[in-house]
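A.B. asks: The structure is given below, and queries will be raised subsequently.
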Amino acid sequence: MPFILRTLISAAAVWVAVGVVSGLDWDGSIWQLLLIGLIVGLVNALVKPLATLLSLPLMILTLGLFLLVINWLMFAIVVWLAGPDRLDLGLTSADGLSTFLGSIVVSLVSWGLAVITPDGR
């Protein structure tokens with residue numbers, strides 16, 4: 001159940017980011033949004049720990065601010081995978097700034113929703 005809940009939270013966070021950030025666009029069905037949420041979860045579970053480990057010296061040097069860059073890169077991977085040339089899930093970004101702002105919104109909304117939802121523990 002927590003996996004499904006995290007997927008729903010990620011999908012909702014992407015939906016909010018598309019509504020808030022002007023350069024992010026999504027034109028698809030709810031099932032495509034759920035697949036995007038699944039991709040967000042998979043990228044965060046598989047790629048992000050490796051990227052965090054490899055960038056540990058930069059994170060220490062910047063006192064953790066480099067995590068913003070890592071989140072940006074993870075969301076850029078999601079946008080690239082969900083783009084029209086790969087999986088065609090309807091998520092596109094106009095530029096890097098939109099992707100960066102979208103990653104911040106997705107992180108904040110995901111955190112906020114995870115705090116208020118029960119996790120079964």
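The values are calculated or read from the model by the stated rules, or taken from the named source; none is laboratory data. Just so we're clear, the structure is a prediction, and the values are computed from it rather than from any experiment. Using ideal geometry, Cβ is built from the backbone for each residue, glycine included, and neighbour counts are taken over all protein chains shown.
A.B. asks: What do you reckon, is residue 37 small (Gly, Ala, Ser), crowded, with 17+ Cβ neighbours inside 10 Å, in contact with an Asp or Glu (Cβ under 6 Å, 6 or more places away or on another chain) and modelled with pLDDT under 95?
C.D. replies: Numbers: small (Gly, Ala, Ser): yes; crowded, with 17+ Cβ neighbours inside 10 Å: yes; in contact with an Asp or Glu (Cβ under 6 Å, 6 or more places away or on another chain): no; modelled with pLDDT under 95: yes.
Criteria not met by residue 37.
A.B. asks: Additional query: Do you know which of the residues in the range 82-121 that are aliphatic (A, V, I, L, M) and under 12 Å from the mean Cα position of the chain (by Cα) is nearest to residue 41 (Cα to Cα)?
C.D. replies: Taking the range 82-121 as the starting set, the residues that turn out to be aliphatic (A, V, I, L, M) are 82, 87, 89, 91, 94, 97, 101, 104-106, 108-109, 113-116.
The next check asks that each one be under 12 Å from the mean Cα position of the chain (by Cα); those that pass are 82, 91, 101, 104-106, 108-109.
Values: 82: 13, 91: 16, 101: 19, 104: 15, 105: 15, 106: 12, 108: 15, 109: 14 Å.
Taking the candidates together, the pick is 106.
A.B. asks: So which of 92, 62, 117, 52 is out of contact with any Asp or Glu (no Cβ under 6 Å at 6 or more places or on another chain), farther than 27 Å from residue 2 by Cβ and not basic (Lys, Arg)? Break it down stepwise before answering.
C.D. replies: Numbers: 92 fails: out of contact with any Asp or Glu (no Cβ under 6 Å at 6 or more places or on another chain); 117 fails: farther than 27 Å from residue 2 by Cβ; 52 fails: farther than 27 Å from residue 2 by Cβ.
None of the other options fit; the residue is 62.
A.B. asks: Right, another one. Go over the candidates 36, 60 one by one and state the one that is of a type in the set (Val, Ile, Thr) and out of contact with any helix residue (DSSP H, G or I) (no Cβ under 6 Å at 6 or more places or on another chain). Quick ask: steps written out before the conclusion?
C.D. replies: Details: 36 fails: out of contact with any helix residue (DSSP H, G or I) (no Cβ under 6 Å at 6 or more places or on another chain).
Checking each option against the conditions leaves just 60.
A.B. asks: Starting from the range 41-52, keep only residues that are among the charged types (D, E, K, R), then list their pairs with residues that are assigned to a helix (DSSP H, G or I) whose Cβ atoms are within a distance under 6 Å, requiring at least 6 positions of separation or different chains.
C.D. replies: 48/74
A.B. asks: Looking at (1) modelled with pLDDT of 90 or more; (2) part of a helix (DSSP H, G or I), which is the only condition residue 114 fails?
C.D. replies: Exception for residue 114: condition (1).
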